[in-house]
1. Which residues, counting only those in segment 251-281, are assigned to a helix (DSSP H, G or I) and among the charged types (D, E, K, R)?
2. Those residues that are at pLDDT 90 or above and either touching a Ser or Thr at 6+ places or on another chain (Cβ under 6 Å) or of a type in the set (Phe, Trp, Tyr) (or both), I need them from segment 19-67; list them, please.
3. Among the residues that make up segment 229-239, is at least one of them within 26 Å of residue 172 (Cα to Cα) and in contact (Cβ under 8 Å) with a residue 24 or more places away in the chain?
4. For residues in segment 167-184 being among the aliphatic types (A, V, I, L, M) and surrounded by 12 or more Cβ atoms within 10 Å (Cβ to Cβ), which is modelled with the lowest pLDDT?
5. Any residue in segment 263-278 that is closer than 16 Å to residue 181 by Cβ sitting within a Cβ distance under 6 Å of a residue that is outside any helix (DSSP H, G or I) and of a type outside the set (Gly, Ala, Ser)? List the pairs, counting only those 6 or more apart or interchain.
6. Can you spot a residue in segment 72-92 that is in contact with a Cys (Cβ under 6 Å, 6 or more places away or on another chain), part of a strand (DSSP E or B) and either at pLDDT 85 or above or surrounded by 18 or more Cβ atoms within 10 Å (Cβ to Cβ) (or both)?
7. For segment 200-235, give me each residue that is more than 25 Å from residue 261 (Cβ to Cβ) and surrounded by fewer than 20 Cβ atoms within 10 Å (Cβ to Cβ).
8. Going through 35, 49 one at a time, which residue ends up being touching a residue at least 24 places away in the same chain (Cβ under 8 Å), surrounded by 14 or more Cβ atoms within 10 Å (Cβ to Cβ), under 20 Å from the mean Cα position of the chain (by Cα) and assigned by TED's automatic domain parsing to the domain that holds residue 100?
Amino acid sequence: MEGMFPTLPKASGEYKTIFIEPIALSGERIAACAIARLSTGEHKVMQTIPSATLICMYGAQAKAMEGLIRTVINDANAWLDNKLPLSEYQPPFSNTFSSEAYTLNADSVDQVLKASIQNTASLAPVNFEEEEPEVVETRRGSGGLAKRFVAKVKGSVIDLSPNLSKNFNVKIGGMHKYHFIGNGYAANLGAMNPAMPYNSVNEAKRLLWDLAVVDQYDWTIEEQELIIYMPEDDNITYSKKQYEKAKDTLARFEDEADQKSIRLITTSSSFSARDRLIKAA
C-alpha cells in the first residue's frame with residue numbers, strides 16, 4: 001500500500017495575514033504581509049504587496065507606506081522570536097489589522113507562507129486619486145468619508161445607548177434633516193477629506209446652513225454643533241501638502257461657523273463624537 005497515497009507532511013504550521021486600511025473608516029483593506037511559523041519554531045514574515053503596486057497606488061507616499069509595512073514585519077518577527085502565540089499577535093498601528101490564525105500540515109515554512117498568500121492575501125478595490133481641480137472634485141463627492149463617519153458614530157452611540165436611535169436623522173421644518181437632535185441640542189456630522197478639501201467644505205456648508213435655521217422651526221434648540229471628522233496628519237494616505245491645504249480650508253470655514261454662532265468641532269475619532277452626542281442627549 002505504501003506509495004499509493006502521498007506522504008503526509010511531517011510538521012504542522014500556522015499563518016496569518018496583516019492588512020492595512022489605506023482610507024480611514026473605509027473598511028477596505030489590503031493584504032500587506034504574511035506571517036508563517038512551523039511547529040518547530042521556524043518562522044518567516046514576508047511583504048505580499050509588490051513595491052511597484054505601492055508606487056502605482058501611493059505615488060510619492062509609496063516609500064512611507066513600505067516603511068510602515070517593514071515596521072510591521074520587524075515587529076512580527078520580534079514577536080515570533082520571543083516564541084509568543086501567533087494567534088495573539090496584533091500589528092502596532094491603528095490602521096493595520098490582523099486576520100485569524102490558521103493551521104495546516106506542511107513540510108516547510110515556505111509552504112505555510114505560500115498557503116497564507118494564496119488563501120488570504122488579496123487586494124480589495126480601493127480608489128486612490130491625485131489631487132484634482134475643484135471642478136472635477138465637486139462632481140465626485142468627498143469619497144464617502146463623511147457617510148462612513150456618520151455611520152460609525154451612529155452605530156457606536158446606539159451600541160451604548162439603544163434608546164437614542166430615535167434621536168438620529170430627525171426632520172424638522174419639512175425640508176431640514178439633522179443627524180442628531182436631543183435635549184435642546186442639534187448636531188450634524190461631516191468630514192474633511194484632505195484629498196478633496198473643496199467638496200468637503202461644500203458638503204459641510206449645507207450641513208451648516210441647516211443648523212443655522214433650526215431654531216426657526218424649533219425654539220427649544222439652544223445649541224448647535226457641526227462635528228467634522230479629519231484624519232490624523234500622520235495618515236500616509238495623504239500628502240503633507242494636502243493636509244496643509246485641508247487645515248487652511250477648515251480654518252476659513254470655522255470663521256463662517258462662528259458668524260452663525262455654531263460651534264465647529266474637529267475630531268479624528270468617531271468615539272469622541274459619540275461621547276459628545278451622548279453627553280448632549
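1. Scanning segment 251-281 gives 252, 254, 255, 256, 258, 274, 275, 276, 279.
2. Scanning segment 19-67 gives 33, 34, 36.
3. Scanning segment 229-239 turns up at least one residue that is within 26 Å of residue 172 (Cα to Cα) and in contact (Cβ under 8 Å) with a residue 24 or more places away in the chain.
4. Among residues in segment 167-184 that are among the aliphatic types (A, V, I, L, M) and surrounded by 12 or more Cβ atoms within 10 Å (Cβ to Cβ), the one modelled with the lowest pLDDT is 172.
5. Going by the 6 Å Cβ cut-off, the qualifying pairs are 263/225; 273/227; 273/267; 277/180.
6. no
7. Of everything in segment 200-235, those that are more than 25 Å from residue 261 (Cβ to Cβ) and surrounded by fewer than 20 Cβ atoms within 10 Å (Cβ to Cβ) turn out to be 232, 233, 234, 235.
8. Only one candidate qualifies: 49.
The values are calculated or read from the model by the stated rules, or taken from the named source; none is laboratory data. What you see is a predicted model, and the numbers here were worked out from it, not measured in a lab. Here Cβ is always computed from backbone atoms with ideal geometry, including for glycine, and neighbour counts include all displayed protein chains.
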